[in-house]
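Note sheet for the following structure.
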Amino acid sequence: MTKTTATSISRRQILKIGSAAALASAARLAFPSGAFAATAGPEVTGVKLGYIALTDAAPLIIAQEKGLFAKYGLTEVEVLKQASWGATRDNLVLGGEANGIDGAHILTPMPYLISTGKVTQNNVPVPMSIIARLNLDSQGISVATEYAETGVQLDASKLKEAFAAKKAAGNEIKVAMTFPGGTHDLWLRYWLAAGGIDPDKDVSTIVVPPPQMVANMKVGNMDAFCVGEPWNEQLVNQGIGFTACTTGELWKGHPEKALGLRTDWIEKNPNAAKALMMAVMEAQIWADSMDNKEEMSAILGKRQWFNVPPKDVAGRLKGTINYGNGRLAENTGLEMKFWKDHASYPFKSHDAWFLTENIRWGKFAPDTDIKALVDKVNREDIWRAAAADLGIAAADIPASTSRGPETFFDGKVFDPENPKAYLDSLTIKAGA
């Protein structure tokens, strides 16, 4: 059987999967000699993976629910809920053999922060690898109802006067994100700084786990927050606040979560790492189909996963955005992407932007060798090997590891070949 034939059968079947049994049947059609006919099977049958209750963890949850891990010989995978990104870090440092985890649905910068010891106890480096991106787009920046009259949306400068007045009255302005140096921290900082608000001087940034964002906004513990879904949509559904903008409006098609693994686990289990990647790829293809969004919302809403009403997941998953301030946008193209637009591929240029932004805000030294660090942590070669074995169509495999220059909503341009020029163009940054 040629790769082209395998792809045409597997993708069509994947999009129609309704049960693990149906998936196994599709697998037999696509790979009659077995998924690993051309390669050795996985060295282990189990791996412990962490996740946070966020919609972009869907590829791991769907792979578990639909029997995709088992399809590739990983019959004992555990997908374990983590209380916070800090807990995710701590459990990755422990490792699966010490009652921690081997890998995780993770904020893209975290494997870099962990690998360099920037966020670990006693600054001990724990080598991590990124083998895939899990999604693009669909995070949100939400604001408390008290700021509705400012009309703030993409332009954060509309909050400057209100923030200054509140601060002058002796009140602290608190903006929440999920982990220092993580994606939500960087989106929030970019948005504020673009509006002339210094996130280090004009406001206080606080850390709140994603599932606790809405409750904290409800009791007045914060003025704004940045988090992934379904928490922005839940905030709106409960009438507690509104979404000023989605992160896709800052940078449409931006990278978000990654699939990270301890490097020592990959070194011990290279075939298992590839099998894991193949299962996640199939889950991403399934999750990207609009035909599957309602079922996916119901799955994610289950008590053992997110424990939320499916309606809190469904809307923005489809690209329908009720901002909660009188704006309702449909067919926005800002839905969470799991596969299309090369959403799954871990572009090295994307990782370079996150590192550059963390240099901007003082998490990494100005002389950090960005390229060398990305080459060490980013394992796009595993993604490509899995794609080859899975028979992924050539059109779905990027020709390059770089997306080239990226342009943001405020006109700033990031060229991965010249990150210094990007940094020099930014007026608000740490120490400025």
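The values are calculated or read from the model by the stated rules, or taken from the named source; none is laboratory data. What you see is a predicted model; the values in this text were computed from it and never measured. Positions of Cβ are backbone-derived with ideal geometry, glycine not excepted, and every protein chain shown enters the neighbour counts. Accessible surface areas use protein heavy atoms only, side chains included; no ligands, DNA or RNA. Shrake-Rupley method; radii C 1.70, N 1.55, O 1.52, S 1.80 Å.
In region 201-218, is there at least one residue being under 18 Å from Ile106 (Cα atoms) and acidic (Asp, Glu)? Within region 201-218 (the criterion being under 18 Å from Ile106 (Cα atoms) and acidic (Asp, Glu)), the answer is no, since none of the residues qualifies. Can you work out which of the residues in region 50-67 that are within 21 Å of the chain's Cα centre (by Cα) and without any contact (Cβ under 8 Å) to a residue 60 or more places away in the chain is surrounded by the most Cβ atoms within 10 Å (Cβ to Cβ)? By that ranking, first place goes to Gly50. Of the candidates Val93, Val44, the single residue that is more than 23 Å from Leu300 (Cβ to Cβ), assigned to a loop (DSSP other than H, G, I, E, B) and among the aliphatic types (A, V, I, L, M) is Val44.
Of the residues Val152, Val175, the single one that is modelled with pLDDT of 95 or more, more than 22 Å from the chain's Cα centre (by Cα) and closer than 30 Å to Thr108 by Cα is Val152. Residues of region 238-258 include at least one that is assigned to a helix (DSSP H, G or I), of a type outside the set (Asp, Glu) and in contact with a helix residue (DSSP H, G or I) (Cβ under 9 Å, 6 or more places away or on another chain). List every residue pair whose Cβ atoms lie under 8 Å apart, where the two residues are 6 or more positions apart in sequence or sit on different chains, the first residue falls within region 110-136 and is under 25 Å from Ala385 (Cα atoms), and the second residue, located anywhere, is among the polar types (S, T, N, Q) and assigned to a strand (DSSP E or B). Once the first residue is under 25 Å from Ala385 (Cα atoms) and sits in region 110-136, its partners that are among the polar types (S, T, N, Q) and assigned to a strand (DSSP E or B) give Pro111/Ser129; Ser129/Asn378; Ile130/Asn378.
Residue under question is Ala393, and the condition is that it be in contact with a strand residue (DSSP E or B) (Cβ under 9 Å, 6 or more places away or on another chain), among the small types (Gly, Ala, Ser) and in contact (Cβ under 8 Å) with a residue 60 or more places away in the chain; does it hold? Answer is no for this residue. Within region 76-88, is there a residue that is in a helix (DSSP H, G or I) and open to solvent by less than 10 Å² (accessible area, probe 1.4 Å)? The answer is yes, given that some residue of region 76-88 is in a helix (DSSP H, G or I) and open to solvent by less than 10 Å² (accessible area, probe 1.4 Å).
List the residue pairs whose Cβ atoms are under 8 Å apart, where the first residue sits in region 230-253 and is on the phi > 0 side of the Ramachandran plot, the second is at pLDDT 95 or above and surrounded by 23 or more Cβ atoms within 10 Å (Cβ to Cβ), and the two are 6 or more positions apart or on different chains. Pairs that qualify, where the first residue is on the phi > 0 side of the Ramachandran plot and the partner is at pLDDT 95 or above and surrounded by 23 or more Cβ atoms within 10 Å (Cβ to Cβ), are Gly239/Gly324; Gly253/Leu136; Gly253/Asp137; Gly253/Lys337. No other residue among Trp265, Trp286 is assigned to a helix (DSSP H, G or I), aromatic (Phe, Trp, Tyr), touching an Asp or Glu at 6+ places or on another chain (Cβ under 6 Å) and modelled with pLDDT of 95 or more apart from Trp265.
State whether the residues of region 318-325 include one that is farther than 18 Å from Gly117 by Cα, out of contact with any Asp or Glu (no Cβ under 6 Å at 6 or more places or on another chain) and surrounded by 22 or more Cβ atoms within 10 Å (Cβ to Cβ). Yes, region 318-325 has at least one match. Being closer than 19 Å to Gln238 by Cβ, in a helix (DSSP H, G or I), of a type in the set (Gly, Ala, Ser) and open to solvent by 10 Å² or more (accessible area, probe 1.4 Å) is a description that applies to Ala314.
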